[in-house]
Each structure stands twice: as C-alpha cells, then as structure tokens.
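A quick write-up on the structure given underneath.
What follows is calculated from the coordinates using simple rules that are stated; it is not laboratory data. Since we're looking at a predicted model, the values are computed, not measured. Ideal geometry is used to build each Cβ from the backbone, glycine not excepted, and the neighbour counts take in all protein chains shown.
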Amino acid sequence: MTRARRRLTIAFALAIAAAPAAVVRVQAEIDHAHELGKQIKCSCGGCEQSAGTCYHVGGAFSGPCDLAKTMIKEIQGHLDERMTDKQVIAAMIKEYGPAAYMEPPKEGFGLVAWLMPGLYLVAGAALVIFVISKWRKRGAAAETAVGSSKTVSPEMLERARLLAQKATEE
Amino acid sequence: MDVFGSFALLLAFVCALYALAGGIAAILTRRPLLIKSTRQAGIAACCLIFMATLSVVYLFVTDNFSMAYVVSHSNRDLATFFKVVALWSGQEGSLLFWCFLLSIYIFSVLITYRNKHGELMPYVGTILAGVQLFFLTISNFVASPFKTLAAAGPSGGLEYFARADGNGLTAVLQYPEMVIHPPNLYSGYTGFTIPFAFALAALLARYPGEKWIHLTRKWTMIAWCFQTVGILLGAHWAYAVLGWGGYWGWDPVENASLLPWLTGTAFLHSVMMQEKRGMMKVWNVWLVFITFFLCILGTLLTRSGVVSSVHAFAQSNIGNWFVGFLLIVIVVCLAAYFKNRDYLKSENQLDSIVSRESSFLFNNLVLLVACIAVLSGTLFPVFSEWFTGSKISVGAPFFNKVNIPLGLLLLFLTGVGPLLAWRKTSAESLRRNFLWPCIVGLAGGIGAFLLGVRDFYALTCFLLCTFVAATIGIEYYRGAKVIRIRSGMNWLSSAVELTLRNTRRYGGYIVHFGMVMIFIGLAGQAFTKEVQKEIPVGGTVAIGPYELLLQAMDQKQEKNYIAQRMIVEVMKDHKPVMILFPERRNFPAGQESGTMVAIYSTLREDLYVVYAGVNQGSDAPTVHVFLNPLVKWVWFGGVVVVMGTIVALLPSRQAALALAGGKVPERATGFASAVPSSVALREGHD
C-alpha cells in the first residue's frame, strides 16, 4: 500500500468516524408518566401516536391532544397507586382495549405479528439458497455437456462472445 | 369554467376509452392507421386532462364558491399560493391531480417513442390507456371535483347557489413543503405505471432481447427518485409541523409510500442481473408488477379508510373501485405470465455463491422481507379484527424492532455487493477487496464506542456506515488513480471524470453514499433527549449544552390565522446563539389549530422547540424541547441520493462520444497498460 493511499484511507476513516462524535449521551428528563405513555396508543383516533407523544393537530388549542393528556393523567394516577410499569400498561389496555397497544402483545394472536417477519426472512433465505444451488447445478451440467461435445457451433461461440462482452463492459 | 373543465374531463374519458378499445383492436388487426389513431387519442386525453386540471386551479384562484370542492378546501383569505396547492388537498382534486401527473408520463412516453419500438408501443399505449381510463372513471363518475352546490328550492326543484366564503384549507397543509411533497410522491406513484406498462407489454408481445428492460430501468429510476424525494419531504413536513419531535412515525400512509419504494429499489438492483447475465427475468417482471400493485394498494389504503391514519382522506366507498381495479390488474398479469412464461427463461446459470449475483439475490430478499413485514404490520389490525374480533394496533415500536435489523443487513449488503465480482470472486480477490473496508469499518465502530455510543444498533450502524463509505471511497480512489496517472489531472477532476465516464456505476455509488448519510442520521435517533416544562416569562429550561430563556409571549395576526408565539432565546455555553419563535396557530375559517415548530439545526444536532400550549390551571405556557442528534444528515443524505440518481440517469461520456460519432477510446489495451500492476481491475456496481 502506497503512502498516499494509506493517508487517504485513514483520513476517510476519521471523517466518517467523526460523525458519532456529534452524539450526546443523555438522560431522559421527561416525567415517568409520559415515558410510560409512549407505550400506549393515544385514543384520539386521528393519528398513530402514543399518548406520550400525541400532538395531534386539531386537538385543543391550549395544549397537546386532550385525550392524550387525559391518558397521561390516568397513568400518573396508576403510578401514584404504586403500580409497577407492567401493571400500569395492563390497566390501560384493560380500559382502552387492544387498540391501545403500541406494539402487539407477545402472546395470543399478537405473537403472529412478531413471528411473521422472521418467518419471511427464513423462508426467503431458504428459497434463495435453493435457487442458487439449482442454478449452480444447472451451470455444472451445462459445462459438462459443452466439455463432452467435440465441436462448438458458431451460434454457441457468438452467444459466448456476447455474454463475455456483457459481463466485462464498464 | 366549471362546465369547460367538466366537459374536458369527460372528453378525456372518451379519448382514453377509444385508446384502450382501439389499442386492443390495433394489436389484434395490426392496422397501422388504427395504431396511429389510438396513439393520438392517448395524446388527446392527456391534453384534455391538463385543461381540466387547469380549470380547477382557476376555480380556486377566482374563489368560485359555487363549487363544492372549492368551498371545502379554500377561503378568500387564503394566500394565492395555497389556493393553487388546494387542488390536491382533498380526495377529488388529488385524484384529478394523480390523473394529471399520469398524463404527463403517458404524453412523454407516447411522444418519445412514437417512431420507435413499433412492435412494443401499441401494447404499451393500450396498457397506459387502461390505467388512465380507471382514474378518469373515478374522476368523472365517482369523485368529481366539478360538483356544484345545490339545494332544494321553495318550488321543490334543485337550485344552485354559491357560498360567501369557503371552509379554508386544512391547517397542517398550509406549509410550504405541502406544496412540493404530494406532487413528488404522486409523481413516484404514477411514474411506476410506465415500467409496469413496458414490462407487461414486453411479456404480452414477447418482445425480443433486453431492450424493454433498458427502457424500463430509466423510467423506474425517475419514478424512484420522485418517490424518494416525496418520502423525505413528507418526513421533513411531519418533523417541522406535527411537533412530536420525529420525522417517521410508521403511519399507514407513510408505510404505503415506502412499499413501492422498497420493491422499486429491489428492481433497480436485480435488473442488472438481467442486463448483464440474462438472469432473473421472471423475478424482474414480477418485481415491476408488484411495485405497481403496491402503488394501487397504497392509494387504496390512503383513500378507503381501511386503516386509520393521520393522512387519510375521508372515508368513502372509493376503496371498492381500487380493489376492483387491483383484482383486474392482478388477473391480467397472471394471465400474461402463464401464457408467455417460456419467454422469460433464464439464459445463464450461477457460477458461484460468492458473486455479485448472489449479493443481489440477498439484497432483493432483504428488501422484499422488509416490504412484506411493513405491509403485514400495517394490515395487522385488520387481520386481528378478522381473526379475533378485536383490533390489535401496531405502532412505531413494532416497526422499529422489525425493520432496524433488516435495515442494517441491507446496509451491510450495500457495502459487500460492489466488492464482489460478477460470476465468481476468488479468495485472493476477497481478501484484497475486503481488507481495508473491514479495517476502516472496525475503526469506525471502535471510534464510536470510544466516543460513548453504547446502543447496540447505533454502534452497528456506525460501524457499517464506515464500512460502506470505505468501500465507496476505495472504489473511487482506485478508478480516479488510473485516470490521474493517464491524464495528469488532480484527484477531484479525476473523480469527476471517472463519474462522467460511467455515470451509471458511479451515480449508484453516490446514491449509496447518500444512503449511508441517511443511516447515520437514523442512528442519531437512539440518542434523542426531550424535556417538557411549564415555563413563565423570564424562566429557563436546559437541555444538553443549551439553555432556553423565554423572553416574552406575543400574538401576531396574519390574514388567514392568528398565531400565539413564544420568543425564546437560545444560549449555548452561556452565549446567545439564536432567537426561536415556536407558534401555535389558530385558523378561524376551519376552526382548526396547528403547531409551528422552531428548529435550530446544525450538523451535530437539532434543537427542536414546540410551544405545547398553556396550562389552564396555572396559565403558564408549556414548552416541549427535543434535542435530536444528526437529523440534518437525513436531509443532506436525501439530497445526495437525488444527485446520485440524476448522475446515474445521465449518459456516460463514452457513450455520448459514440453517439456523436467521435472516436471511442480503446478501453482494454490503453486502460490496462496505464494501470500499475498493484491495481486490480474489477467490475464495479453499475
């Protein structure tokens, strides 16, 4: 490796590595009720936001979405009753129904949502590997066939030229 | 003007109907005159749609409050600028606008290829006419923007009347980005119709060779570019207006726009395998079909009320029309495929699993899995209601958990793909190509760790971003070095020359670099900080290195709204840096309110300040402040992606010389002779 190449590589690495320098490690300063509110969907119906983040435009002029504020107050009430985070979430789901989940529960039918992406990936990977091995076998068989024949037809030669040209052109 | 517009739209319907029916007859009879007349009918339909669209804009600008659509989406005090934009603010107008954008594409295709591809174009024209006819049917008979206000008069007969003023434009739409976000997104959606038409036409016509794929690729890139810009503008709009501190909430409508983008991206990669090696023909045709299906499905989701969304138009029965159309399209595609599937037989085999072809296969796999995961997550509430009777909602946390690993896998493949050779990569080549990118990537990861990044995904993301950027940098370095040795140009000029010589390959690298920047920005989300606090005038709130001082509250009266705003002085390390004015706006016409976020944006972080309202008990204003690291990288990355796409669309300099009859430089001998033995020549990403 030449000196210039090394310098360039190092400079490039440093430039890219500098990006995370911008990141500041922080502690959440928002109250716990709002933090928990992020795990419950706002019931206003006008957005897909959580109760902790719903600023649904069209809500009351004097503040964020009224329903979100009510839900946060309820969460605070549960916290005041010394409920654990899990108990608070369960109580909110009990009150607002499964439509209040921000993510499906990892049980019952909700589990299907979690399993599906993994299944797609595994099934897709299996399919790709199957296709690759099939293509490779076909390629090997074709090579054997070409190797066993004594002459190469002009059509085959032309086709090979075309393929080689395609494969090497910039 | 309403009669003129309505008549023009109806006439456009008739022309499109003729273009479809005549097109089918022309394909069957092959009569040149019929082919020509159907093409002209297609062109006429486009011109008529243009006139109808202009007439709706005219009705808005002239405050014609006898029109129901104008009343619903405009008012006298609305700025003229927004009156024009109001065209696409509602169901009816946006569908007409969709027709309009589609007609621009169709017009361009019919004119550009009027004397070319004689075997293919009648099929293309007919398919395009079919799609256009569907949207014209909707705009004419289901959701017409030309409905006038009428009520039963004293005599019992229908009497037309005009309102004194309109209801106004929805508050959240009165923002400059809303002017350019929908046109870009719609241009993406409608643009995917062109590759669809070419793919289906080639399959139906059994069009020989790969010509159609070259044509399709270009149009796909244009549509993909618009879709990318549309998605990013939408994200920026959500960030700057909605006031929840983020830019991507996995809303069903956001997801709908992402789906065709994912499959379109997969197609732009897998198409190279067909061009280079004659492989993946079936896959490519179906990718184009699926991308088009997803565009229609996205429209269905947005407009039918199947899923709840902040973006969705009013619930209507329009969804049934889209379901019907989607089913017809699927049946036609399946029929065409089963009839002519032998036409799509692959010409080549795969030589090795360690090859460019394999990396594209896995790239396609990840993109498709991400697409299906987003789609099934979006529709999961509907499925859960069907199967269990209760709607289980799926929000951002689910989508993040599922898609972050997939995104990182894709980022990894973005780096790996260009380092692998077509057909087969030797062990020596692997070592040579991967050594430095891996070292640089690792250095990036270690650097991030030392700087305090502990979040696993963020750390992996920074490592992979460094790795991918290194692969791109090394590719550029190698190519530019050869040119520099040959021509004596400086590094920058050599890099530019290199890009211009193979725009497709190096445009692709620029796009990849833009994606790296976007990923860096996304990784920053792991470190968001927020504070919500009641703050009296003169009070302060601190976040990170910033201190915010509420100097005063004031009110400003604009023509169309009243704004209550905070005047916030931002200090960093006790030095004033900026005054911000977060607002809450009240629009009397529509009895709506909206936020206007104030953002102090740097490459390092965004200080995002929301006037969250007034505590009704204490009467104190509440401020919600976010410190969002690296957000600007997302927007800059988007700009780089667009620039790369434009570069990739340009003809390569060598090709331009050949077209101009100039002498094409000899490649193999001249190029190779100038290359030092230490530099390996290898196929790149093109």
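One table, with the values for the structure above:
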{"item": "Per-pair calculated FRET efficiency, R0 = 30 Å: B:Ala335 and A:Ala126 via Cβ, rounded to 0.05", "result": "0.55"}
{"item": "Residues B:Lys211 and A:Glu95, FRET efficiency given R0 of 45 Å [Cβ-Cβ distance, rounded to 0.05]", "result": "0.15"}
{"item": "Cα→Cβ-extended label distance, 7 Å offset, between B:Asp165 and A:His32, nm", "result": "5.0 nm"}
{"item": "Residue order, fewest to most surrounding Cβ atoms within 10 angstrom, among B:Leu649, B:Leu301, B:Leu185, B:Leu375", "result": "B:Leu649, B:Leu375, B:Leu185, B:Leu301"}
{"item": "Other-chain or far-sequence residues with amide H under 5 Å of B:Asp606's (modelled H)", "result": "B:Asn628, B:Leu630, B:Val631"}
{"item": "Amide H within-cut-off set for B:Val614, under 5 Å, with H built and near neighbours excluded", "result": "A:Gly63, B:Thr622"}
{"item": "Cα-based shape type of the range B:193-302, given that a ≥ b ≥ c are square roots of the gyration tensor eigenvalues and the cut on a/c is 1.5", "result": "prolate"}
{"item": "Phi-based couplings in Hz for the range B:513-527 (Karplus 6.51, -1.76, 1.60; Gly and Pro marked x)", "result": "5, x, 5, 4, 4, 4, 5, 4, x, 5, 4, x, 4, 5, 10"}
{"item": "Partner chain coverage, peptide B:385-398 - average Cβ within 10 angstrom", "result": "6"}
{"item": "Lys, Arg +1 and Asp, Glu -1 on Cβ, resulting dipole of the protein assembly as shown about Cα centre, debye, nearest 20", "result": "3960 debye"}
{"item": "Distance between modelled label sites at B:Lys218 and B:Asn490, nm, 7 Å Cα→Cβ extension", "result": "3.5 nm"}
{"item": "Environment charge of B:Val282, counting only residues whose C-beta is closer than 9 Å and scoring Lys/Arg +1, Asp/Glu -1", "result": "+3"}
{"item": "Separation between Cα centres of the range B:330-365 and the range B:14-84, rounded to whole Å", "result": "38 Å"}
{"item": "3J(HN,Hα) from dihedral phi, the range B:232-249, Karplus parametrisation 6.51/-1.76/1.60, rounded to Hz, x for glycine, proline", "result": "5, 5, x, 5, 5, 4, 4, 5, 8, 10, 6, x, 9, x, x, 10, 9, x"}
{"item": "Cα gyration tensor shape for the protein assembly as shown, rounded if a/c is under 1.5, else prolate or oblate", "result": "oblate"}
{"item": "Ascending count of other beta-carbon atoms within 10 Å, so fewest first, for A:Lys134, B:Lys276", "result": "A:Lys134, B:Lys276"}
{"item": "Estimated distance in nm for a label pair at B:Lys147 and B:Arg76, the labels positioned 7 Å out from Cα along Cα-to-Cβ", "result": "2.5 nm"}
{"item": "Among B:Pro183, B:Val568, B:Val61 - extreme Cα towards positive end, dipole of chain B, charges at beta-carbon", "result": "B:Pro183"}
{"item": "Neighbour-count order for B:Cys465, A:Cys44, A:Cys54, fewest beta carbons within 10 angstrom listed first", "result": "A:Cys44, A:Cys54, B:Cys465"}
{"item": "Under-5 Å amide H pairs with B:Thr148, H placed in peptide plane, nonlocal only", "result": "B:Ala68"}
{"item": "Förster-model FRET efficiency, 22 Å R0, A:Leu115 and B:Asn400, C-beta, rounded to 0.05", "result": "0.80"}
{"item": "For residues of B:436-445, the mean tally of beta carbons on other chains within 10 Å", "result": "4"}
{"item": "Partner lysines for A:Lys73 [C-alpha distance under 21 Å; skip if fewer than 8 residues away on the same chain]", "result": "A:Lys38, A:Lys41, A:Lys86, A:Lys94, B:Lys533"}
